[in-house]
Amino acid sequence: HSLAGAVSQVREMGRQPGYALLALAFAVTSGFFVGWSSILSILLAGPPWNFTNSTTSGLANMPTSIAWIGFWSTLAGIVGGILAGTLIDRIANHRMVLVVLCVIGSLCYILFALLFFRIIGDTLSHATSSLFLLLLSIFGSFFINGTGPVFMELAAELTHPIPEAVSGGLMQLLV
């Protein structure tokens with residue numbers, strides 16, 4: 001496995017328009033999620049939401065704790081990835097699964113943004129709105145992170161016989 005062999009494999013993948021489009025979709029989806037996750041605590045800590053960054057108050061104040069949102073969103077993302085990986089083993093239509101996961105995840109984040117900026121839900125109490133923000137973040141993470149295994153499996157199929165480590169590794173570099 002020489003450097004020249006790896007370069008040759010990357011060139012071969014670059015010639016496949018399906019792989020290039022898939023890699024771009026993966027980079028945009030994953031990049032959005034990473035960017036969103038990194039600023040979530042900043043967004044929620046300020047007015048009008050004033051979420052805390054502590055877990056010391058326990059589960060009673062979970063809907064207003066940034067730490068709990070991060071914890072449950074991460075856990076939901078892991079479960080989403082495992083379930084999506086299992087689902088694509090049973091369903092042959094990877095593209096359909098990707099579209100469904102991306103659309104539902106995107107809807108969760110769109111609703112989150114609309115609720116966050118009070119475009120919707122302005123008649124809800126602060127506690128109810130906070131709970132919905134928590135749930136939308138968790139469900140968005142579940143569906144968006146569920147796309148990872150599907151993207152990787154589809155990349156491996158599109159680029160066969162190139163090793164999965166090469167096709168998946170290149171996609172990860174794009175994020």
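The values are calculated or read from the model by the stated rules, or taken from the named source; none is laboratory data. Please read all numbers here as calculations on a predicted model, not as lab measurements. The accessibility values were calculated without ligands, DNA or RNA, using every heavy atom of the protein model including side chains. Shrake-Rupley method; radii C 1.70, N 1.55, O 1.52, S 1.80 Å.
Descriptive notes on the structure:
- Segment 20-175 - percent of accessible surface contributed by carbon and sulfur, probe 1.4 Å: 73
- Kirkwood hydrodynamic radius over Cα pairs of segment 112-175, then Stokes diffusion coefficient at 37 °C and 0.692 mPa s, in µm²/s: 229
- Three semi-axes describe the equivalent ellipsoid of the chain; taken as square roots of 5 times the Cα gyration tensor eigenvalues and ordered largest first, they are 37, 16, 14 Å.
- By accessible area with a 1.4 Å probe, ligands and nucleic acids excluded, highest first: order of 12, 157: 157, 12
- Only Cα pairs under 8 Å and 6+ residues apart enter the sum, and on that basis the relative contact order of the chain stands at 33 percent.
- 91, 69, reordered so the largest accessible area comes first (probe 1.4 Å): 91, 69
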